[in-house]
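Heads up: the structure comes next, in structure tokens.
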Amino acid sequence: MFTFLFLNSPNSDDAIYKSPKRVSEPLFQAVKLLIDSWQEGNDDALYTLANLNFYGTYGFPRNFSRAFDLYSELASLEGNSTAQSMLGFMYATGIGGAVKKDQSRAFLYHTVAADGGDIRSQMTTAYRHYAGISTPRKCEKAVHYYKQVAEKAMAYIRSGPPGGRTPKKEAYRLADEEGGVYGEGASASSTGINAKPGGTNAENNAQFDDVLEYLDLMSRKGELKATFGLGRMHYEGSRALEQDFKTATEYFYDVARRYWTKDGKIKQDTEPGTDKLASKAAGYLGRMFLRGEGMKQDFIKARVWFRRGIENGDALCQYSMGLMYLNGLGVPKDIVKASEYFGTAADQDWAPAQVRLGALLMDQGELTTAIKYFELAARHQITEAYYYLAELTNLGAGRERNCNVAATYYKIVVEKAEELHSSFATANNAYDDGDSDTALLLYMMAAEQGYEAGQANVAYILDQPRARSVLANIFPWFKRKANDIMGDAALALIYWTRSAKQQNIDSLVKMGDYYLLGLGSEHATSDASKAAACYQAAADTQQSAQALWNLGWMHENGVGIDQDFHLAKRFYDQSGETNREAYAPVAAALLKLRIRSWWNWVSGGSVRGIREDDCKSCYLFEHAPQHFTAFH
């Protein structure tokens, strides 16, 4: 067994495993102890050994074939649901060449694991029923499994401090760091309504630092809004800023002391607006005392701060005081008073209060009104609001039953509780550290669970050798090997497709690229008609300049669709309208198109040319710099 774990070399077709590593002496001895324990019948030791081989943790050489054998033994001996889940993942992806991809077996293992209570397999099985992967679409089955995970998610969120846990988002798309799959502006994720004010995420992070520096400077000059803004940013945290309760408390105290004395009396001659900002700061200070965030939990001090904020009508203070009365935290339990506070805060569009008020109304049988409050809260992405909507829609209570809508609501709920079951946080760290191998593995696990961001990330990483090739986007006959390093084109196409089906427009355009270039198909043959269908579907959203440009190119050259210079011009024009920064490439394409259309007319060609009566809507004419107009 020692030889099996340490001396066997990895398979030559292991796509992710790089090379054998010499393990440290402590790890060497630890593994020997695990082997001894396993041979004595300890299943936990067997599971740990399987994980060591699969994840390659602590510097242990990653070997998927060994991991598969160990997981198989554990699954067959004890029916371990986690081991069954891992086998399902390996069959679904064929990771590392350890086993041939077999979606039917993957679905079987995940179903057995899901019925055994494994949360990741419950999500995977639900998603496969939801999307119809290796099984016909069965909404009722999807709801069955999603509901199980949603109940666990809500139990986790409600197990936190008063008000519940605040789910932390880690499911980011890697491509968005670069402005999208096709770069800033050309990608739907960074065009139009999706455009980021500062550019790419990397640029935004740099600007975020500038904003922090500016707010700090203004705060030192006595600007109260800047001080409060800094407090809230440190309290809430973000991808660019770690949550810091201690620093947040200092800023909130600075704001509050500008309005109240230490004994709670209002200071004289305060500037206009100070009362509102101080009340907001009081709401956060009270919340931190209520929840024990960055300080010892103290209901009495929390109530003091909330009452100060309530005097000036602060919604957070009203909601939080309602929580105290609802749960009897430092005050007598009083649902009537709680409802009054929730109602006042809800009228100010405070989403958490709308959820709590909706829940109270639901308990009283006022389902129609409750649903209205849940829908209002859902606009602000409140997880519990989606959960109640899912439950009511699934039961057909207060509204007509709709299985598809219920499944969608449940899916939103489970994917917001990332900390329970997703691997995004670890995957993001691995990717940031330059370990694309581990990141790919972990993103793939999230992708199989149905996370669109995970699917997009897997496809993006697999696509990297091609994504940097400009030629591949211009010349359809330019092809790369379908299986270059980390470039399983067939697998990438699968994940582009799944991501596209979850409304990712850039992934839909990427599907078209793969069909056009013959990437991922069994015989590497181009299918221009499928490519055109993908581009057209993306173009219909009016969000992808790249899709519109591609359709213009296809009409211009008669690739996959009828050659039509007039329609080609229309699509080029729309591409320029969608992305104003693309003037140069669109202008060049239109100039070339007009030359071809003129030659087609002169030579008596059969292709429909550009109609001059349409020139009034010509992109080149309307948006060209002044010195280009006469030339046009």
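Bear in mind these aren't lab numbers, they're just calculated from the coordinates by the rules spelled out. Worth saying up front: this structure is predicted, and the values here are computed from it rather than measured. We place every Cβ from the backbone using ideal geometry, glycine too, and count neighbours over all the protein chains shown.
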Stretched out fully, how many nm does the piece from D69 to Q503 gain, at 0.36 nm a residue minus the Cα gap?
-> 152.5 nm
When each of K225/K296; K246/K296; K510/K530; K147/K501 is checked by Cα-Cα distance, pairs over 19 Å = K225/K296; K147/K501
D for the stretch 198-348, whole µm²/s, Stokes-Einstein with Kirkwood Rh over alpha-carbon pairs at 37 °C and 0.692 mPa s: what number?
-> 202 µm²/s
Compactness of the stretch 43-138, expressed as Rg and Dmax over alpha-carbon positions, Å | 13.2, 43
Mind checking which of T274, Q449, Y460 is farthest towards the positive end of the chain's charge dipole, using Cβ charges of +1 (Lys, Arg) and -1 (Asp, Glu) about the Cα centre?
-> T274
Which whole-number percentage describes the relative contact order of the chain, with Cα contacts under 8 Å and a sequence gap of 6 or more?
-> 9 percent
Highest average packing first - 61-69, 494-502, 290-298, Cβ atoms within 10 Å | 494-502, 61-69, 290-298
Label K168 and I266 with points 7 Å out from Cα along Cα→Cβ: what is the distance between them in nm?
-> 4.0 nm
q = 0.14, 0.17, 0.26 Å⁻¹: log10 I(q)/I(0) that the Debye formula gives for the stretch 495-579, counting C-alpha atoms only | -0.43, -0.62, -1.21
In Å, the C-alpha Rg and Dmax of the stretch 229-309 are 12.6, 40
Note: E340 to L217 extended length (0.36 nm per residue) minus current alpha-carbon separation gives 40.2 nm
D564's amide H: which non-local residues (gap 5+, or another chain) put their own amide H closer than 5 Å, with H modeled 1.01 Å from N in plane and none for Pro or chain starts?
-> E556, G558
Of all GluC sites (Glu not before Pro) in the stretch 366-415, the ones in DSSP coil with at most 11 other Cβ atoms within 10 Å are E400
Counting every C-alpha pair in the stretch 542-585, the percent lying more than 17 Å apart is 23 percent
With each label point set 7 Å from Cα along the Cα-Cβ vector, what nm distance links Y583 and S76?
-> 6.9 nm
What ranking, highest mean first, results for peptides 404-412, 570-578, 336-344 when packing means the other Cβ atoms within 10 Å averaged over each residue?
-> 570-578, 404-412, 336-344
Computed from these coordinates, which is Cα extents along the principal axes in Å: [x] 90, 79, 53; [y] 105, 80, 60; [z] 76, 56, 46?
-> [x]
12 Å cut-off, amide nitrogen to a point 7 angstrom out along R611 Cα→Cβ, residues in the stretch 536-568 = 566-567
What is the spin-label model distance, in nm, from S134 to L591 if the labels are put 7 Å beyond Cα along the C-beta direction?
-> 5.3 nm
So between L241 and D44, what do we pick up on full extension, going 0.36 nm a residue minus the alpha carbon distance?
-> 67.1 nm
Which of the peptides 275-285, 530-540, 39-49 is most tightly packed, and how do the rest follow, judged by the mean count of other Cβ atoms within 10 Å per residue?
-> 275-285, 530-540, 39-49
Filter the trypsin sites (Lys or Arg not before Pro) in the stretch 205-258 down to the DSSP loop ones having no more than 12 other Cβ atoms within 10 Å, then list what survives.
-> K221
Between Q103 and V405, what is the FRET efficiency for a Förster distance of 25 Å, r being their Cβ-Cβ separation, to the nearest 0.05?
-> 0.35
For A345, what is the net charge nearby, where nearby means another residue's Cβ is under 11 Å from its Cβ and Lys, Arg count +1, Asp, Glu -1?
-> -3
What shape does the stretch 325-406 take by its C-alpha gyration tensor, where a ≥ b ≥ c are the square roots of the eigenvalues and a/c under 1.5 counts as rounded, a/b above b/c as prolate, and the rest as oblate?
-> prolate
